[in-house]
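Everything below concerns the one structure shown next.
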Amino acid sequence: MEIELFTQPFCAPCRNAKLVVQRVLERHPGVPVRTIDVVAEPAAGARAQIASTPTVRVLRAGRETLRVVGVPRPTALAQALDELS
């Protein structure tokens, strides 16, 4: 399992999403997080079909199992990770 967090510079909700992901991962310390700046890496955003930021994707074996557009709710993200563990 891994998390991809799509962000862009000067995006306040992106900073909040990063904090939520970090907080939730305190309960899942082994889950890697890849933060992708869609301005610096537009091809990565296009491949993942990112239409807005922040977007959080949870991948399992390379396949998307969860997508949250906007700042994720900590309880919902934690529950999803618990179910996938």
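Please treat every number below as a calculation from the coordinates, not as lab data. A quick note: this is a predicted structure, and the numbers were derived from the prediction, not measured. For neighbour counting, all protein chains shown are included, and Cβ atoms are generated from backbone atoms with ideal geometry for every residue, glycine included.
Some points to look at:
- Here the contact order of the chain, divided by its residue count and restricted to Cα pairs under 8 Å and six or more residues apart, works out to 40 percent.
- Each Lys or Arg adds one and each Asp or Glu takes one away; over the other residues whose Cβ falls under 13 Å from the Cβ of Asn16, this sums to +4.
- Within the chain, antiparallel bridges make up roughly 70 percent of the DSSP beta bridges whose residues both belong there.
- Reciprocal mean inverse distance between Cα atoms of the chain - Kirkwood radius, Å: 12.7 Å
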